[in-house]
Amino acid sequence: KAGVTQTPRYLIKTRGQQVTLSCSPISGHRSVSWYQQTPGQGLQFLFEYFSETQRNKGNFPGRFSGRQFSNSRSEMNVSTLELGDSALYLCASSVQGDGNTIYFGEGSWLTVV
Amino acid sequence: GENVEQHPSTLSVQEGDSAVIKCTYSDSASNYFPWYKQELGKRPQLIIDIRSNVGEKKDQRIAVTLNKTAKHFSLHITETQPEDSAVYFCAASEGNGGTSYGKLTFGQGTILTVHP
């Protein structure tokens, strides 16, 4: 069974631009969550989607948004990029998201210059 | 909201020694506690988890203990090997029946170095 797949793996953007990251969960998993990982703040929860609905959201500004499609694939978008948005963005999936084991993808490394 | 504190931030041991990493959490509603291992440039990988109805769980050289009264849980690695060197993260979640869907609150991580 394929794991959680994220694209692109690496990208460089300029301040003010926007970026879209994509995630394909493990087959059969309907819950997709997103995390930001930085050296200073560690792993922080962004949001979670289940059946195309956002069920939970972390403490991030509205520039961070996401969505989930009917096939459970998910995208997250960051608008008006700031230097501080440079981070590893990790997607994770689980069967239902409420206490099931959460599996992470390899992440998308975003550098904002 | 939930807050997870993890100690120590760095841990250096000799091959064959044991390593212990400790975490405390604040939300008494939390009842699912996974541990992840992250090697440099790689994804966090689940190594073991425990739920609040269990006090201890073992998987070969790895064990986790949970004290719900004191709100702390620990990771124990015995007979450490150089390939155990990585960053280890503890996390907490409300788990089944809770409303923290998909949300894990992570500790700050422990850099474990095992010297040959």
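The values are calculated or read from the model by the stated rules, or taken from the named source; none is laboratory data. What you see is a predicted model, and the numbers here were worked out from it, not measured in a lab. Neighbour counts run over all protein chains shown; Cβ positions are idealised from the backbone, glycine included.
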Which one of these does A:Gly66 not meet: (1) surrounded by 17 or more Cβ atoms within 10 Å (Cβ to Cβ); (2) farther than 22 Å from B:Val4 by Cα; (3) in contact (Cβ under 8 Å) with a residue 60 or more places away in the chain?
(3)
B:Val54, sole failed condition from (1) modelled with pLDDT of 95 or more; (2) more than 13 Å from the chain's Cα centre (by Cα):
(1)
Looking at (1) closer than 21 Å to B:Pro44 by Cβ; (2) of a type outside the set (Lys, Arg); (3) in contact with a Gly (Cβ under 9 Å, 6 or more places away or on another chain), can you tell me which one A:Leu11 breaks?
(3)
A:Gly84 fails exactly one of (1) closer than 28 Å to B:Gly107 by Cβ; (2) outside any helix (DSSP H, G or I), namely (2)
Residues within segment B:24-51 that are more than 10 Å from every other protein chain (Cβ to nearest Cβ) and surrounded by 17 or more Cβ atoms within 10 Å (Cβ to Cβ), tallied
10
Filtered residues of segment A:46-91 (kept if within 14 Å of chain B (Cβ to nearest Cβ) and of a type in the set (S, T, N, Q))
A:Ser51, A:Thr53, A:Gln54, A:Asn56, A:Asn59, A:Gln68, A:Ser72, A:Ser74
From B:Thr24, B:Thr80, grab the single residue that is in contact (Cβ under 8 Å) with a residue 40 or more places away in the chain, in a strand (DSSP E or B) and hydroxyl-bearing (Ser, Thr, Tyr).
B:Thr24
Of all residues making up segment A:24-58, the number that are part of a loop (DSSP other than H, G, I, E, B) and either touching a residue at least 12 places away in the same chain (Cβ under 8 Å) or aromatic (Phe, Trp, Tyr) (or both)
9
For segment A:92-107, which positions are part of a loop (DSSP other than H, G, I, E, B) and either facing chain B (nearest Cβ under 7 Å) or modelled with pLDDT of 95 or more (or both)?
A:Gly97, A:Asp98, A:Gly99, A:Thr101, A:Ile102, A:Gly105, A:Glu106, A:Gly107
Out of the residues in segment B:102-116 that are closer than 25 Å to A:His29 by Cβ and in a strand (DSSP E or B), which is nearest to the other protein chains (Cβ to nearest Cβ)?
B:Phe106
When only residues in segment B:6-21 that are closer than 13 Å to B:Phe89 by Cβ and out of contact with any Leu (no Cβ under 7 Å at 6 or more places or on another chain) count, which is surrounded by the most Cβ atoms within 10 Å (Cβ to Cβ)?
B:Gln6
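Scan segment B:1-21 for residues that are of a type in the set (Asp, Glu) and either part of a strand (DSSP E or B) or under 21 Å from B:Leu112 (Cβ atoms) (or both) and jot them down. Even if it seems obvious, please write down each step before you answer.
We begin by selecting, within segment B:1-21, every residue of a type in the set (Asp, Glu); these are B:2, B:5, B:15, B:17.
If the condition is that a residue be of a type in the set (Asp, Glu) and either part of a strand (DSSP E or B) or under 21 Å from B:Leu112 (Cβ atoms) (or both), then B:Glu5, B:Glu15, B:Asp17 are the ones that fit.
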Taking segment B:52-63 and keeping residues more than 14 Å from chain A (Cβ to nearest Cβ) and part of a strand (DSSP E or B) leaves B:Glu56, B:Lys58, B:Ile62, B:Ala63
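Have a look at B:Ser85, B:Ser93, B:Ser74 and point out the one that is out of contact with any helix residue (DSSP H, G or I) (no Cβ under 7 Å at 6 or more places or on another chain), within 10 Å of chain A (Cβ to nearest Cβ) and surrounded by 15 or more Cβ atoms within 10 Å (Cβ to Cβ). Break it down into steps so the answer makes sense when it comes.
Values: B:Ser85 fails: within 10 Å of chain A (Cβ to nearest Cβ); B:Ser74 fails: within 10 Å of chain A (Cβ to nearest Cβ).
Selected residue: B:Ser93, the only one of B:Ser85, B:Ser93, B:Ser74 that is out of contact with any helix residue (DSSP H, G or I) (no Cβ under 7 Å at 6 or more places or on another chain), within 10 Å of chain A (Cβ to nearest Cβ) and surrounded by 15 or more Cβ atoms within 10 Å (Cβ to Cβ).
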Please work out which one of (1) more than 15 Å from B:Tyr101 (Cβ to Cβ); (2) of a type in the set (D, E, K, R); (3) surrounded by fewer than 15 Cβ atoms within 10 Å (Cβ to Cβ) is the condition A:Glu52 fails and give its number.
(1)
